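Reviewing the structure listed below.
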Amino acid sequence: MTLSIILQAGNGGGMSMIIMLVLMFVIMYFFMIRPQQKRQKEIRNFQNALQIGTKVVTGGGVHGEVKKVNLAENTVEVEIAKGVVIVCEKSYIFAAAPEQR
């Protein structure tokens, strides 16, 4: 329906409108969609490379150290304090923890 309205704009205005819509989509793709896909790929690669001893940050902002990675259940055991270990989904680990000063 929208395409028919654009094409009926008359006096060649419809073609310029289509070009403008395509141009807006291309700009949106390169400034919004593509960077987000790249970031998701980096996070997925980080999650797949998790090893024991890696300091991480969970999606909830909890900092800890990886104690065990269970590939069968897709979980990670994270020690958040001495003797306190939580079990998280591997997909819930988002980044390496920043270095402590």
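Do you know which residues across region 28-72 are surrounded by fewer than 10 Cβ atoms within 10 Å (Cβ to Cβ), within 14 Å of A97 (Cβ to Cβ) and under 16 Å from the mean Cα position of the chain (by Cα)? Scanning region 28-72 gives G60, G61.
In region 73-95, what residues are open to solvent by 60 Å² or more (accessible area, probe 1.4 Å) and touching a residue at least 12 places away in the same chain (Cβ under 8 Å)? Within region 73-95, N74, I80, V85, V87, E89, S91, Y92, F94 meet the criteria.
The values are calculated or read from the model by the stated rules, or taken from the named source; none is laboratory data. Given the structure is predicted, the values throughout are model-derived calculations rather than measurements. We place every Cβ from the backbone using ideal geometry, glycine too, and count neighbours over all the protein chains shown. Surface areas here come from the heavy atoms of the whole protein model, side chains and all, with no ligands, DNA or RNA. Shrake-Rupley method; radii C 1.70, N 1.55, O 1.52, S 1.80 Å.
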